[in-house]
Amino acid sequence: MEEKLNSLRTRPRFKIYTDFDTEICAQKIKSLLALHKENLQGNINNEVANIWIKTEHNEFWKPYLSLRIEKENHQTVIRGVFGPSAAVWTFFMFLYFIFSITFMVFITIWFVTKQIKSTDFPWAIHVAILAIILLLISFFATKIGQIKAKSEMEQLRDFAEKTIEDL
């Protein structure tokens with residue numbers, strides 16, 4: 001388990017198998033969260049838990065620990081994912097998708113017009129380069145967010161490790 005939690009990559013994941021029932025697992029996570037209530041907050045039910053660090057400001061880059069509690073082959077499985085809020089994650093995936101598609105379309109238009117020796121779309125290469133620049137800006141924005149949230153990610157990681165030990 002240490003290997004999977006050791007690296008703070010984009011969205012680190014882990015999986016825990018236990019013989020406890022899903023309700024008992026949820027109660028154990030709730031009790032552990034109550035022990036750390038001075039610096040952690042969360043929403044926990046019998047299937048899903050979302051945990052984050054308490055801060056004065058609700059920052060855009062605030063990391064979350066999402067736990068999904070499921071039954072699988074007569075055992076309870078807790079799947080954990082570290083990452084930003086779902087809204088932030090979706091927003092950046094949308095940007096990556098739009099800029100990548102824009103690049104592919106306009107680089108193809110530019111390449112085809114070069115191959116057929118046409119002068120219809122001379123601006124297509126400029127749009128393709130702009131899409132790459134915007135893609136790189138989005139990428140560096142995510143890296144800056146990861147750097148800003150690193151200490152909070154480490155606190156969430158410590159909480160996850162304590163949860164693993166408790167189960």
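The values are calculated or read from the model by the stated rules, or taken from the named source; none is laboratory data. These figures come from a predicted structure and were not determined experimentally. In this analysis, Cβ positions are derived from the backbone assuming ideal geometry, glycine residues included, and neighbour counts consider all displayed protein chains. Areas reflect the complete protein model, heavy atoms only, side chains present, ligands, DNA and RNA absent. Shrake-Rupley method; radii C 1.70, N 1.55, O 1.52, S 1.80 Å.
Each Lys or Arg adds one and each Asp or Glu takes one away; over the other residues whose Cβ falls under 12 Å from the Cβ of LEU67, this sums to +4. With springs connecting C-alpha atoms under 10 Å apart, model the chain as a Gaussian network and identify which of GLN27, GLN115, GLN75 has the largest mean-square fluctuation. Greatest mean-square fluctuation among the candidates belongs to GLN115. Where the centre of each part is set by its Cα atoms, how far does the range 11-36 sit from the range 63-136, in angstrom? Distance between centres, Cα-based: 33 Å.
The relative contact order of the chain comes to 23 percent, based on Cα pairs under 8 Å that sit 6 or more residues apart. Note that the range 81-91 has calculated 3J(HN,Hα) couplings of 9, 8, x, x, 5, 4, 5, 5, 4, 5, 4 Hz, one per residue in order, obtained from phi through the Karplus relation 6.51 cos²θ - 1.76 cosθ + 1.60 (θ = phi - 60°); glycine and proline are x. Roughly how many percent of the accessible protein surface of the chain is carbon and sulfur, given a 1.4 Å probe and a whole-percent answer? Heavy-atom surface of the chain belonging to carbon and sulfur, 1.4 Å probe: 60 percent. Partner lysines whose Cα lies under 18 Å from the Cα of LYS143, excluding those fewer than 8 positions away in the same chain, are identified as LYS62.
Relative to the current alpha-carbon distance between PHE91 and LEU130, full extension at 0.36 nm per residue lengthens the span by 12.1 nm. The residues of the chain expose on average 63 square angstrom of accessible surface per residue, using a 1.4 Å probe on protein heavy atoms. In the context of the full protein assembly, ASP158 retains an accessible surface of approximately 80 Å², using a probe radius of 1.4 Å and ignoring ligands and nucleic acids.
Between VAL48 and ILE69, the built amide H atoms are under 5 Å apart, and every one of these is 5 or more places off in sequence or on another chain.
Backbone phi angles across the range 100-105, fed through the Karplus curve with coefficients 6.51, -1.76 and 1.60 (θ = phi - 60°), yield HN-Hα couplings of 5, 5, 4, 4, 4, 5 Hz in residue order; Gly and Pro are listed as x. Round to the nearest 10 and give me the degree value, 0 to 90, for the angle of helix 150-166's Cα axis relative to the longest principal axis of the chain. The angle comes out near 40 degrees. In the set [x] 47, 33, 31; [y] 69, 41, 27; [z] 59, 28, 21, the label that goes with Cα extents along the principal axes in Å computed for this structure is [y]. Remark: the range 18-34, residue by residue, has Karplus-estimated 3J(HN,Hα) of 9, 8, 5, 6, 4, 5, 5, 4, 4, 5, 5, 5, 4, 5, 5, 5, 5 Hz, where x stands for each Gly or Pro and the curve is 6.51 cos²θ - 1.76 cosθ + 1.60 at θ = phi - 60°.
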